[in-house]
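Coordinate-derived values only; no laboratory data. Note that the structure is a prediction, hence the values are computed from the model and not measured. Positions of Cβ are backbone-derived with ideal geometry, glycine not excepted, and every protein chain shown enters the neighbour counts.
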């Protein structure tokens, strides 16, 4: 496998940015159809709305955008691998398909339910992965006019000019009593089985632990400053990179849900590790998350305080979150 040079990576980043811009335009045009834009033929509007309201929520928009992105990548980088949500979901295998080979990982429409309801938290997500690590990330949320991008060694940006995190002079340290004082982001996920001690019940218990008053819940009360749920894992990670969210805890996501967000967050200085607490919370190493693990805990970029470095503050926060959350079971189907 040919090693990628700095120039190669910069070219890939530039290409991904252009892909993200055009794909965002496609997504915005499709959204206008759903609002009854009079510039579109009535028949086209009707067909689009009918497909967008299909029971499985897989829309014509997803397929068209992914097909466009894949065709552009295949034309410019025929030797690169491609993993997309739509193409993966139609396959029979649920194996992890990303290895050390150069790979594009795409979600043409992250936040599909939001899109169906015209809640603006939806986006196109494009990641380039090299040696199993996301090194280029592009997230375009066109309805919000927010365009996130990053390239390893080049920084992470909002709308191509604003460095991330947004507060940089200086970057604030993690709160001394984190998770107290933090904004905690989480998602309900798709596993809604009402099984005692199942994933849904464990998540709810974890959410309440994080939100409850200090000293409550048998000492597990985290008294977070606020709880947020965007309905888009990719945007959750982008908002952690901005510093708008302090903590994101989630499981069940696929690699295309998180790859671009992880690339952007890590380049901004954030930390991403596993959602599941280890057996020894106080001493277990805090390793970088495995992309295909489906278990994610993200901490925003953090500056130093008089008592600790930014990384020490992030790791302290990770351990405090682990003390308050339950282990979740999101193994890959068929694994």
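Points worth noting:
- If R0 equals 45 Å, the separation of the Cβ atoms of residue 311 and residue 79 corresponds to a calculated FRET efficiency of about 0.80.
- Efficiency of FRET from Cβ geometry, residue 159 and residue 11, R₀ 25 Å, rounded to 0.05: 0.75
- Segment 262-324, Rg to Rh (Cα coordinates; Rh as Kirkwood inverse mean 1/r): 0.96
- Translational D in µm²/s for segment 183-322 (Stokes-Einstein at 37 °C, 0.692 mPa s, Kirkwood Rh from C-alpha pairs): 214
- Compared with the direct C-alpha span, the chain from residue 22 to residue 214 gains 64.4 nm at full extension, assuming 0.36 nm per residue.
- Placing a label point 7 Å from the Cα of residue 167 along the Cα-to-Cβ direction, the residues of segment 228-264 whose backbone N falls under 18 Å of that point are 228, 238-248.
- Sites residue 176 and residue 283 - FRET efficiency at Förster radius 25 Å, r taken between beta-carbons, to 0.05: 0.70
- Over the chain: helical MRE at 222 nm, DSSP H runs n ≥ 4 each giving -39500 (n - 2.57), nearest 500: -11000 deg cm²/dmol
- Degrees, to the nearest 10: 310-322 long Cα axis against longest axis of the chain: 80
- Exposure proxy for 138, 17: other Cβ atoms within 10 Å of each Cβ, ordered fewest to most, give 17, 138.
- Between helix 199-211 and the chain: long-axis angle, C-alpha atoms, 0 to 90°, nearest 10: 60
- Relative intensity, log₁₀ I(q)/I(0), of segment 89-149 from a Debye sum that treats every alpha carbon as a point, q = 0.15, 0.20, 0.27, 0.30 Å⁻¹: -0.57, -0.84, -1.05, -1.13
- Quarter of Cα convex hull surface for the chain, i.e. mean projection, nm²: 18.4
- Most tightly packed first, judged by the mean number of other beta-carbon atoms within 10 Å of their residues, the peptides 303-312, 233-242, 317-326, 105-114 read 233-242, 105-114, 317-326, 303-312.
- Helix axis angle, 42-52 relative to the chain longest principal axis, alpha carbon, degrees: 40
- Counting neighbouring Cβ atoms within 10 Å and putting the fewest first, the residues 294, 300 line up as 294, 300.
- The Cα-based radius of gyration and maximum Cα-Cα distance (Dmax) for segment 60-186 are 17.1, 51 Å.
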